[in-house]
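Data first, discussion second: the structure below is written as structure tokens.
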Amino acid sequence: KDPEQAAQRKTSHITSIFIISNSTPITVTMIFNPHKFGVHKVLKHIPLNAIFDAPYKAAVKRAVNIADLRTIAKSRAHKMVFDYLDAGGDDEISLRRGKDAYTELEMHYKVLAGIKPPLDLSTKIFGEDVSLPFFGCPTAGNRMFHWEGEEAAAKAAQHHGTMYGLSSLATTGIAEIGEMHKGPKVFQLYVWKDRELVKEVIAKAKEGGFNALALTVDFTWYGNRERDIRNDFSIPPKYTLTQTLGAIAKPAWTYDFLSHEPYTYACINSDVPADSLAAFVNSQMAPEFGWKDAEWLLGEWNGPSAIKGVIRPEDAVTAVECGFTTMWVSNHGARQLDTSPATISVLPSIREAVGPDVEIILDGGVQRGTDIAKALALGADSVGVGKAYLWGLAAGGTDGVIKAYDILKVELDRAMGLLGTPTVEALKKEGPSLIKRRAPSARDYPDMYAYERGYGGGIV
């Protein structure tokens, strides 16, 4: 087939099968879409989810660290779904560096500090009291990982008394989240062209009890995620031959998907399915969005606000002058511009640029409580986690997300105790003297199985 014609078919026919060879795709029209034929309405009355998920729930209970949750998620989730969650941009250099950078930070602990448990992990995020200095970042399309989706993440945040972040491309609505999570909430928004749509979504967020807004500014172009390309990833699935075979291999995820309603981008328009809305969202991204547009947005919101995606000190200074109250140091989970720096590496320069009184959130590469401790010590007021809780979600729904929080909380508590810092404020105050950078070592993670445990670099 002519490659250009094949590409056009791929764009225009959602219900098509693509058999990918090393040359060009062959299109075969798909005549059966389970959701369109109402299969989920029948399967929802046949409670096999508990049977399929039983071994994964048991594994979640036994999980020792976040890498264990990643392994369970990989076992349960469809390959294209797991790779979408797990991947970075291009060669995934930034993805590996985001984790490696934490290993280069040594913790020079104090002794005989005279502290005793329980330690105080509470702090403020966007001016609101929370019990933990970390939270789940807003992430798109959570129901593709598990049918509970954003509800699971919101319930886990409520359970642990911390903030919850909702993406504007979530598969659960603003009102629903507002009902189940009564604590502090941040709503994430992309740079969109349609200002009326922006105002409508902002109004919904205010009505839903969201007290802060985060503008994502590192997504004006879509990153090159090659795992997605190789898997022919789509939201929702296209029911291609490859995707169907992948679904057969993962019965727990597949029954989960087939026995529940098809998901939508509920924060924008809950009546439009995700496959139809995807093209609309792509058309809404505004690369030309500038500082003047940001000022307009802040005027519409008129409340606590973060600029999410800052890695340069001069941009942070401009953002403060523009009116943002919070700097969110992020490189979009290393999914956008590959070889962008590890966020923990640029954090001290951002803190120096904006001074001690501007709130800073950091995300990127966080998979240990010690990572959270290092970020707080080097200038962050709180820390966002993404993959860590999504692996928990993909592994076990609400229980998996709660488990991810449990693991990180215990690890952070232990790290603070061993460092000799009884409170988050003490860790932030004494942090620069406790964390020292050293030269990287090829022997940090020397064994050949490190990648399978969730670590992406240092393998020899």
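Per residue, the chain reaches -14000 deg cm²/dmol at 222 nm when only DSSP H runs of four or more residues are counted, each adding -39500 (n - 2.57). The residues of region 146-199 expose on average 31 square angstrom of accessible surface per residue, using a 1.4 Å probe on protein heavy atoms. The stretch between K199 and T423, if pulled fully straight at 0.36 nm per residue, gains 76.7 nm over its current Cα-Cα span. Is the C-alpha gyration tensor of region 43-93 telling us rounded, prolate or oblate? Criteria: a/c under 1.5 is rounded; beyond that, a/b larger than b/c is prolate, otherwise oblate. Since a/c reaches 1.5 but b/c is at least a/b, the shape of region 43-93 is classed as oblate.
What's the extension gain from S122 to L258 if we count 0.36 nm per residue and subtract their Cα-Cα distance? Walk me through the intermediate numbers first.
Working: separation 136, 0.36 × 136 = 48.96 nm, distance 4.06 nm.
My answer for the length gained is 44.9 nm.
On a straight-distance basis, which lysines could pair with K44 in a cross-link, Cα separation under 17 angstrom, same-chain partners fewer than 8 positions away excluded? Straight-distance partners of K44: K36.
Please list 200-210, 335-345 highest first by mean number of surrounding beta-carbon atoms within 10 Å per residue. Write down the numbers at each step before the final one.
Numbers: 200-210: 18.1, 335-345: 20.7.
Output ranking for 200-210, 335-345: 335-345, 200-210.
Report the net charge of residues surrounding K387, where surrounding means a beta-carbon distance below 11 angstrom and charges are Lys +1, Arg +1, Asp -1, Glu -1. Intermediate values should be presented prior to the final figure.
Working: positive: R70, K99, R335; negative: D86, D363.
Summing Lys/Arg as +1 and Asp/Glu as -1 gives +1.
Which of the pairs K204/K409; K193/K292; K204/K403; K41/K155; K110/K429 have their Cα atoms more than 21 Å apart in this structure? The answer is K204/K409; K204/K403; K41/K155. In this rough spin-label picture, where each label sits 7 Å from Cα along the Cβ direction, the N282-E300 distance is 2.4 nm. The modelled label-to-label distance between K61 and D406, using points 7 Å beyond Cα along the C-beta direction, is 1.0 nm.
H40: net charge of surrounding residues, Cβ under 13 Å, Lys/Arg +1, Asp/Glu -1, itself excluded?
Working: positive: K36, K41, K44, R143; negative: D256, E261.
Surrounding charge for H40 is +2.
A straight line joining the Cα centroids of region 208-252 and region 381-423 runs 24 Å. Suppose R0 equals 41 Å. What FRET efficiency, 1/(1 + (r/R0)^6) with r the Cβ-Cβ distance, do E314 and L112 give to the nearest 0.05? Calculated transfer efficiency: 0.45.
What whole-number volume per residue, in cubic angstrom, does the convex hull of the C-alpha atoms of the chain give?
148
Coordinate range of the alpha-carbon atoms in region 274-372 per principal axis, descending: 42, 31, 22 Å.
Over the chain, with every protein chain in place, what whole percent of the accessible area is carbon and sulfur at 1.4 Å, could you tell me?
Values: 11430 of 20030 Å².
Carbon and sulfur: 57 percent of the exposed surface of the chain.
Would you mind counting up the charge near D53? Only other residues with Cβ under 13 Å from its Cβ, with Lys and Arg at +1 and Asp and Glu at -1. Every neighbour counted, the sum reads +1.
Here A175 and K436 are evaluated by their C-beta separation; at R0 = 35 Å the FRET efficiency comes out at 0.15.
Could you name the aspartates and glutamates in cross-link range of K79, using Cα to Cα under 13 Å and dropping any fewer than eight places away on the same chain? Excluding near neighbours in sequence, the set is D228, D232.
Ranked highest first by the average count of other Cβ atoms within 10 Å around their residues, in what order do 282-291, 251-260 fall?
On the way: 282-291: 12.5, 251-260: 20.3.
Taking the mean over residues of other Cβ atoms within 10 Å, the ranking is 251-260, 282-291.
Counting only protein heavy atoms and a 1.4 Å probe, region 305-411 has 28 square angstrom of accessible area per residue.
The values are calculated or read from the model by the stated rules, or taken from the named source; none is laboratory data. Since the structure is predicted, the reported quantities are computational estimates derived from the model, not experimental observations. With ideal geometry, Cβ positions are generated from the backbone for all residues, glycine too; neighbour counts draw on all protein chains shown. Only protein heavy atoms, including side chains, enter the accessible area calculation; ligands, DNA and RNA are left aside. Shrake-Rupley method; radii C 1.70, N 1.55, O 1.52, S 1.80 Å.
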